[in-house]
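Here's the structure, in structure tokens; my notes come after.
The values are calculated or read from the model by the stated rules, or taken from the named source; none is laboratory data. A quick note: this is a predicted structure, and the numbers were derived from the prediction, not measured. All Cβ positions, even for glycine, are placed from backbone atoms using ideal geometry, and neighbour counts span all protein chains on display.
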Amino acid sequence: MESFKSIDTLLKIGIKVNGEEGNSYTPPESEKDLLSFEEKRGFKIPKNIRYLMKNYGVINWTCDPIQWTLKEVDRDYDYFIEVFEECKPEFAIDDKIVPFPFASLTDSGTLYIDTVTDEIYIFLDEAFSDYKGGEDEITMKYYDYLGAVFGSTEDLDFIGFVKSQVLHMMDVFDSMGTYRNVPTKLCDIKSDDKSLSITFSNGDQKDSKYVILKKSINFDDSDVEAGTDGEYIEINNQKTSAYKSVESAVLYEGSLLIKLNDNFISLCNPTGKYQSDLEFVEVDLSDIAVTVELKTMLGDILGERFTIDKIAD
């Protein structure tokens, strides 16, 4: 079973790439509000849901299922429990299940976690929104439901469920062209009296993926005039390269997330010939050693735009 610490980097990067402003991002809940809810209801919020709410906010990034905020849980909890209890005798719902609703699946139902077993279930909309009785099954394990609708699927706990949500959205961002992940097997650090450079690459000659960060040590007037008096970044090919285009770079545990600025998006290379919607590049560092030399070189190339994230407790 995974812990939230094991997916801390994934969540933080997902939040950054998704955007911390707008309707699709819900900031973390305060401890005061969480305690107030628990005192009002007379029970503790399931620990993994509580941890997610407090440390990251809920994952409601315009994709199903949409997780509920604390306010939404408080709003819909009583009605959900009322209908759930009404349906128990008719549909032989296990009396041992203690449900806590936490998400909605569009046109399908409400997701809840059994606080006894930590298993995720779905309560189908036919019962939730317009209960009329009948013989059909109205609640089942969520991954049994997905298996029936989409074929076989993995049965995940809540943390695995959150991880799958984030990975799905990262795939969406990748397909939109706003995000790229570069797996790294090799890291080449070079420095001389003319320049500093780091090359991250997957080491695959047939399907090469790489990121180059480079900076000249001394600039002259021609560099300033040409706009090349700053760091250079190249991503997978020279068509996606530009000078002075890194807005920030954050080193997380196992990953380096580079945010590109408008200069890259509009120019993409010094000639301005190519266009790009790319906003974020994640350099996956999980297979290489993140050395002091690497951290120092990133700081030398990017200056104050390079920061190191605090590892989750």
Selected residue (criterion: nearest to the chain's Cα centre (by Cα)) from residues of region 229-262 that are within 22 Å of Lys295 (Cα to Cα) and among the basic types (Lys, Arg): Lys259
Number of positions in region 140-161 that are within 18 Å of Phe123 (Cβ to Cβ), in contact (Cβ under 8 Å) with a residue 40 or more places away in the chain and touching an Asp or Glu at 6+ places or on another chain (Cβ under 9 Å): 1
Count of residues meeting criterion [surrounded by fewer than 17 Cβ atoms within 10 Å (Cβ to Cβ), closer than 20 Å to Glu231 by Cβ and touching a residue at least 60 places away in the same chain (Cβ under 8 Å)] in region 185-213: 2
Residue match in region 63-74 (condition: surrounded by fewer than 17 Cβ atoms within 10 Å (Cβ to Cβ), over 28 Å from Val17 (Cβ atoms) and modelled with pLDDT of 95 or more): yes
Residue that is modelled with the lowest pLDDT [pool: residues in region 23-55 that are part of a loop (DSSP other than H, G, I, E, B) and touching an Asp or Glu at 6+ places or on another chain (Cβ under 9 Å)]: Pro27
Subset tally (residues that are surrounded by 11 or more Cβ atoms within 10 Å (Cβ to Cβ) and closer than 22 Å to Lys295 by Cα) for region 214-228: 4
Conditions (1) assigned to a helix (DSSP H, G or I); (2) modelled with pLDDT of 85 or more; (3) under 22 Å from Leu260 (Cβ atoms); number of the one not met by Asp223: (2)
Failed item, numbered, when Lys16 is tested on (1) basic (Lys, Arg); (2) part of a loop (DSSP other than H, G, I, E, B); (3) under 27 Å from Phe173 (Cα atoms): (2)
